[in-house]
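Worksheet for the structure shown next.
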Amino acid sequence: MVSATTTARADAPIIETKTWRDSITRPRIFSVFFILIGLWMVLSVTSNYGADADLSGLDVNEAGRVITTLTFNATQSLTIDTVTYATVVGIVFYILGGVVGLLPRPAGELGQRLDRVTKYWLFVNGILFIPTIMIIAAAGNSTNFTVLLQTSMRLATPIVIGALSGIWAERSGVVNIAIEGMMLTGAGVGFVVFTLVAGTVPTSTGLWLGVLAAVLSGGFMAALHAWLSITFRTDQIVSGTVINIMALGLTSFLRRQVLLSSEAGRETLQQIRIPVLADIPILGEIFFNGKPIFYAMFILLIATHIILFYTRWGLRTRAVGENPHAADTLGINVLRNRWINVLISGLIAGLGGAWFSLETNGSFEDGMTSGRGFIGLAAMIFGKWMPFGAFGGGVLFGFSDALGLRFQILNVNIPEQFLQMTPFVVTMVVLAGLVGKATPPKADGIPYEKE
Amino acid sequence: MPRKLVHVVMLLALVLSIVPVAVVSAQGDVSSVCLVTDVGRVNDGTFNQFAFDGMTRAVEDFNLDSTFIETQAPTDYESNIATCINEGFDIIVTVGFTLADATRAAAEANPDRWFIVVDTDFAEPLPNLVGLQFRDDQAGFMAGVLAALMSESGTVAGIYGIAIPPVVRFRHGYEQGVAYANATFGTDVEVLGVYIDDFQAPDRGASAAEQFIGEGADVIFGAGGPTGSGGILRASQEGIKVIGVDQDEYFTTFGGGETPGAENLISSAIKRVDIGVYDMIAAVVNGEGFPENSVHIVEAANQGIDIAPPHDADVPQEVLDILQMIKAQLESGELETGVDPNTAEIVAPPGPPAAVPEATEEVSG
């Protein structure tokens, strides 16, 4: 089946027919988007904060124009003339960039160069969107930009870990939709173990034992997934769903049995401030002042990348995920490879679970992972099954979640239900508009059977 | 054939043996009460436990028979209520907004029994049904006054759960409390707030807390189940003063002082579910029956709304005195929060009731 489609694709004759549809390219769609955003920026700031608007209660500068103050820490801040900034950025970057993107391309080198310029221009617009939206939303107020990025990274942590967990399983050809369940198990079991040992060992030891238990329980759930889907060749989606449902019941049972009657305090893992690096302005606070699992995310990210692309094990894993029959012919034990990768996937997911209960909150609530495992899968697809791409996806989701909260804090005049949708809207726009075709490993989701 | 007949006779006997029990209990005095929890247990530190406490106290005071059923899944609500009815209990207490529909259906089918539902109200009254509705806004109001008086930075914040009526009442009460303190006690405090569309996401509550701290807030009120608790827990550990909700969180979230940050919990906005349940059981036992509109309002006036002591936190005596004064004024009706308890919306500025009547007229008329 797999090989048949490949040959068909390769043999297909290349026919070049241009229809009107071909002129709707991704950069052009984005150009239209950016023109609309630019227009909105210019119009909304001039009507809301322009010369004729009612500016009472807003911060203004000596000239009487509305200002936005972006603070970074106790001492550093940046004051921006909101209307001027939004007008200039809106016209120069968004509207002009969009128009250039829509221009018809002359043939030859000039056209190519124009294409390249447009691409970078639109890319810059994408990046610039983050501070710009903050500056407009906080018009006449001050808002803390560092904390926004810091809390984005924090919220991204379980999503990125979930995505990395997914990469390990799927790169070897096993779909793992049970990440959510594995995380929840990790969160529950980890905290239950911490509660049980509390009092007999020092708190920090107890917390680390909890983390260990979380990781192992994630691995245990993964073993179940592997057993069902690799050894018995059950449909991988079915097996994953079973684990998700089971985790809900199991952890809720444990919570009632152990946690309700326990008197343990709600401790969390210690914050670690990395000396010297944490003193770097802004970036230091964001990246070098966090808790252990936050740092573990970066270590896992780099380790996953190196192992997948620079080691023999990684090469074999990818071979098994793309074409297990070929890999088998070359003497790779496909089932063993998949088993080990799925186990690693579960161990990582369990660590992600510990983030919820032991690193962030110091308690366990039923269903407290609230879909972050699934968003992790989306981040993995966003990143096209590449570790750093998945990291980008996770950070984007974390950021949009934080941004939704920040909009509410800033009293942006939109009903909170819409603001709460921010992460999901971002997901849709990004998946549909930016990522394009995401190609999974070819044998992903297909149980391997020796011929 | 004969065997079938035996079955029918047995069944008939069974049915007949139950019916007299029901008839007797309907005629006789009220003597027993049965409690059905929401998913959870009677010692889980939530409404389930408070309602159970209220029932237990009533059972001791009035010498009643009692039992309780711990619901395992939302699909069991109806059958658990039916069990209480079939076992012949006179008063059935169901804990939580989510059991309201099932309880109402049971009340319609069993006019000879009494039904009490915690944390809801009913649009169409039934003589044997009552919903306990809490003046969350009064609790939030006291929290707001406290927050405003304790703030040094001039910014306070609230982290709320899903915007359902009780949560909205808390939020609006809190904001009105801050406004009242600004108008009356000369503070100049700005109040921020976020709704988070999930009661079970403490990590998102924590992230909201971080953002509030970044915006300069130095007192944070958490009113959204575990999400709000997650928020105030993080804030308290960052050295920010926090206010809990529903019960005295010093004993739950902060483990009786065991949890780091407990010294920053300055109070909790309390709703006394136990008092509401007790009062309604008492009303039935004393023969008064339920309020005609099927709603029992639990408020400061009947001791159902309270503000917790500071425990390990450092709150000046004059602030505590002001809080006691506000509580007394809310109790006597001298002071209104300006929040309509039915719509949960702000209808008037906080202050003496003289300013309110017009607005209330309008709503009720």
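The values are calculated or read from the model by the stated rules, or taken from the named source; none is laboratory data. Treat the numbers as computed from the prediction; the structure is a model and nothing was measured. No Cβ is skipped: glycine too gets one built from the backbone with ideal geometry, and neighbour counts run over all protein chains shown.
The residue of the stretch A:396-424 that is surrounded by the fewest Cβ atoms within 10 Å (Cβ to Cβ), among those that are within 8 Å of chain B (Cβ to nearest Cβ) and in contact with a helix residue (DSSP H, G or I) (Cβ under 7 Å, 6 or more places away or on another chain), is A:416.
Quick check on the stretch A:410-446: of everything there that is polar (S, T, N, Q) and in a loop (DSSP other than H, G, I, E, B), which residue is modelled with the highest pLDDT?
The initial filter retains those residues of the stretch A:410-446 that are polar (S, T, N, Q), namely A:411, A:413, A:417, A:420, A:422, A:427, A:439.
Imposing the further condition that a residue be in a loop (DSSP other than H, G, I, E, B) reduces the set to A:411, A:413, A:439.
Numbers: A:411: 78, A:413: 72, A:439: 81.
Only one residue fits best here, namely A:439.
Residue check: residue A:451 meets all listed conditions (1) buried (at least 16 other Cβ atoms within 10 Å of the Cβ); (2) at pLDDT below 75; (3) part of a loop (DSSP other than H, G, I, E, B) but one, namely (1).
Looking at the structure I just gave you, is residue B:283 assigned to a strand (DSSP E or B) and either within 14 Å of chain A (Cβ to nearest Cβ) or among the small types (Gly, Ala, Ser) (or both)? Judged against the criteria, residue B:283 is not a match. Flag: residue A:94 matches the condition of being buried (at least 20 other Cβ atoms within 10 Å of the Cβ) and either under 26 Å from residue A:120 (Cα atoms) or polar (S, T, N, Q) (or both).
Among the residues of the stretch A:100-131, which ones are of a type in the set (S, T, N, Q) and buried (at least 20 other Cβ atoms within 10 Å of the Cβ)? Selection gives A:118, A:125. The residues of the stretch B:129-164 that are among the hydroxyl-bearing types (Ser, Thr, Tyr) and surrounded by fewer than 17 Cβ atoms within 10 Å (Cβ to Cβ) amount to a single one, B:153. State whether one or more residues within the stretch A:134-153 are within 28 Å of residue A:439 (Cβ to Cβ), within 18 Å of the chain's Cα centre (by Cα), within 14 Å of chain B (Cβ to nearest Cβ) and at pLDDT 90 or above. Taking every residue of the stretch A:134-153 in turn, none turns out to be within 28 Å of residue A:439 (Cβ to Cβ), within 18 Å of the chain's Cα centre (by Cα), within 14 Å of chain B (Cβ to nearest Cβ) and at pLDDT 90 or above. Within the stretch A:286-325, the residues that satisfy the criterion of being surrounded by fewer than 19 Cβ atoms within 10 Å (Cβ to Cβ) and aromatic (Phe, Trp, Tyr) are A:287, A:288, A:295, A:298, A:309, A:310, A:313.
Applying the criterion of at least 2 residues that are at the interface with another protein chain (Cβ under 9 Å from one of its Cβ atoms) to the strands (runs of 3 or more DSSP E) found wholly in the stretch B:150-243 leaves B:190-195.
Name the residue, out of B:110, B:63, B:86, that is among the polar types (S, T, N, Q), surrounded by fewer than 20 Cβ atoms within 10 Å (Cβ to Cβ) and touching a residue at least 60 places away in the same chain (Cβ under 8 Å). Just one listed residue meets the conditions, B:86. I'd like to know if the stretch B:18-26 contains one or more residues that are modelled with pLDDT of 85 or more and more than 14 Å from chain A (Cβ to nearest Cβ). No, that holds for no residue.
Report whether or not residue A:349 is at pLDDT below 90 and not polar (S, T, N, Q).
It is false that residue A:349 is at pLDDT below 90 and not polar (S, T, N, Q).
Applying the condition of being of a type in the set (Phe, Trp, Tyr) and within 18 Å of residue A:408 (Cα to Cα) to the stretch B:174-220 and asking which residue is surrounded by the fewest Cβ atoms within 10 Å (Cβ to Cβ) yields B:199. When only residues in the stretch A:346-378 that are more than 14 Å from the chain's Cα centre (by Cα) and farther than 27 Å from residue B:253 by Cα count, which is surrounded by the fewest Cβ atoms within 10 Å (Cβ to Cβ)? Per the criteria, the residue is A:347. With the condition kept exactly as written, say whether any residue in the stretch B:121-128 is surrounded by fewer than 22 Cβ atoms within 10 Å (Cβ to Cβ) and within 18 Å of the chain's Cα centre (by Cα). The answer is yes, given that some residue of the stretch B:121-128 is surrounded by fewer than 22 Cβ atoms within 10 Å (Cβ to Cβ) and within 18 Å of the chain's Cα centre (by Cα).
Within the stretch A:362-394, being farther than 19 Å from residue A:176 by Cα and among the charged types (D, E, K, R) holds for A:365, A:366.
Residues of the stretch A:157-178 that are among the β-branched types (Val, Ile, Thr) and in a loop (DSSP other than H, G, I, E, B): A:174, A:175, A:177. Within the stretch B:325-353, the set of residues being in a loop (DSSP other than H, G, I, E, B) and not hydrophobic (A, V, I, L, M, F, W, C) comprises B:333, B:334, B:337, B:338, B:340, B:341, B:342, B:343, B:345, B:349, B:350, B:352.
Listed here are the residues, each with its yes/no results for (1) aliphatic (A, V, I, L, M); (2) under 25 Å from the mean Cα position of the chain (by Cα); (3) in a helix (DSSP H, G or I).
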{"residue": "A:182", "(1), (2), (3)": "yes, yes, yes"}
{"residue": "A:190", "(1), (2), (3)": "no, yes, yes"}
{"residue": "A:194", "(1), (2), (3)": "no, no, yes"}
{"residue": "A:209", "(1), (2), (3)": "yes, no, yes"}
{"residue": "A:214", "(1), (2), (3)": "yes, yes, yes"}
{"residue": "A:230", "(1), (2), (3)": "yes, no, yes"}
{"residue": "A:257", "(1), (2), (3)": "no, no, yes"}
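In the stretch B:298-312, the condition of being under 20 Å from the mean Cα position of the chain (by Cα), of a type in the set (S, T, N, Q) and over 14 Å from residue B:134 (Cα atoms) is met by no residue.
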